Structure formats: C-alpha cells, structure tokens
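Let me begin by presenting the structure, written as structure tokens, before commenting on it.
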Amino acid sequence: MSSPNEPTAAVPGVGAVGGVEPTVGLGRTVDLGRTQVFGAGPEATVAGPASARTVGASTEPAVTVAPGGETRFGPGVPVGPPVAPAWPQPGAGSGVRSRPVWRRLVSVLSTLLTVVLLVVVGLFLWQRLSPLEIEGVTVAVVEPAGSRCDVTVDVVATVRTNGNAGTIRYQWLRSGSPPGAMVSERVGRGQRSVGLPLRWSFTGVGSARETATVNIVEPSVTQAGTEVRYACRGR
C-alpha cells in the first residue's frame, strides 16, 4: 500500500476492488543539496549539487484483472502441468514388420530351386567340357574256331569309358602279321561301353595259337589282348 507522500498513478481500465482503486508506485526524488565553493583563487573547489535521483522505485508485481472483476497480482499460475515428452512404446517405430509365413516359404523354395538349377547347369557344363577317358579294356573271342577248318574268328575289344563324348583311335596287332590300319571310333555322350571288332580268318589244315592285341593311342595309350586258337585236322 502507498504512503501519503509517495507519487502514484492509477491503472487505467481497472475497476476498484473492495472500494480501493488499484495504483502503481512511481518512486520519489531526493534532493542531494546546493552548490558550495571552498577557498578562493584558481584552486577554489566547487561542489555542485548531485543530480536528482529517484529512489524507492516500486518493484511491486504488475496488477492483472481477470474477467468478472477478479484482480490478480504476479505472473500468474500456469494453466496446467508441463506436458511430459512422449516416449516411444517398445517395438514401435522400428519399421520392421514380420513377413507372412507364405512369403517366407516362397523365399525358401525359390532359394532351393536356384541351388538345384545351379547344380544341374554345373553338372551339364562339366560333362560337356570334361574329356573322354578310358577306364578299362578287355579282349575276348566271341566264338572259338574249335576243330573247324577255314573259319573266320570274331574278336572284340570292349572299352569302358567315363561317358563323355570323344574319339577312340586304335589298331589291331596280330602275331605273325604286320600291324593293322589305324581306325577311329566316335563315342557319343553317355556311351560308357564301346566294342572294337576284329575279324581274323584262318585257312588250311593244321593248328595255330595266335594273339590278337588292340592298341589304343587316343585318348590315352592302352593295350589289351587275348589268345586265338585254330585247329583243323583235315577236310
């Protein structure tokens, strides 16, 4: 409340509360004295009055008039408690959603099909690029001459391969005879057994023990042979 000598100013637009009109204190001015001169001559000292200063400025809080005639003092009361920051819920906002079961099943099947396709293609290329190899050779007489005269004996060399395509180059060697001509035999893919024939003719009366040998020079050098008998006791 203001003293009788303190200057005040009425607050415009604010009605009287309880018969008392609200005012704001403006402070007061204090006179610090008059000018005085000490001594004489050039060294005289002049003490002038200090500037008027305003003291006791009112620091009372501002007056607030709420609707309905209620008067409030101070900065006011917050409307409500401060809003706490929203915390993310567990699992929310992660952006990761589980895929349906059927999509995972389709992904697994697609992977399996891709692997199978790669295996098949690799096996096919390996078979196409792998060379022909001879795994074994045997020679046998299809039907022995026995005691017959003037007969032709069939001899067959059976060659086992790895099933790849290629060419076998060979010749027959007969004991007591010059080497035979070089012959080429084409082997198809998947053909694991190849027969190389020899027809050996015998004539006249008498007996003989000969040897038929197959000489393979391609794809690798291999030899195999068998004994051929002829016995003619007379016509």
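State the extension gain, in nm to one decimal, for the chain segment bounded by residue 208 and residue 173, taking 0.36 nm per residue of separation less the distance between their alpha-carbons.
Numbers: separation 35, 0.36 × 35 = 12.60 nm, distance 1.63 nm.
So the chain would gain 11.0 nm between residue 208 and residue 173.
Using a Förster distance of 45 angstrom, determine the FRET efficiency expected from the C-beta separation of residue 185 and residue 104, and round it to 0.05.
Numbers: r = 55 Å, r/R0 = 1.22.
Approximately 0.25, to the nearest 0.05.
Order of 222-233, 179-190, 128-139 by packing, highest average Cβ count within 10 Å first?
Numbers: 222-233: 16.8, 179-190: 11.8, 128-139: 14.1.
So the order, starting with the most tightly packed, is 222-233, 128-139, 179-190.
Want the number for residue 231 to residue 140: 0.36 nm per residue separation, take away the alpha-carbon distance, what's left?
On the way: separation 91, 0.36 × 91 = 32.76 nm, distance 1.82 nm.
Working it through step by step, the gained length comes to 30.9 nm.
Which value, in Å³ per residue, describes the convex hull spanned by the Cα atoms of segment 134-232? Each step should come with its number before you reach the end.
Values: hull volume 8.1 nm³, N = 99.
Per-residue hull volume (Cα only) is 82 Å³.
Would you please give the residues with an amide H less than 5 Å from that of residue 133, counting only those at least 5 places away or on a separate chain, with H modeled from the backbone geometry?
Correct list: 162, 163, 164.
Quick note: the coordinates plus some simple rules give every number you see, no bench work behind them. These figures come from a predicted structure and were not determined experimentally. A quick note on method: Cβ atoms are made from the backbone with ideal geometry, for glycine too, and the neighbour counts reach across all protein chains shown.
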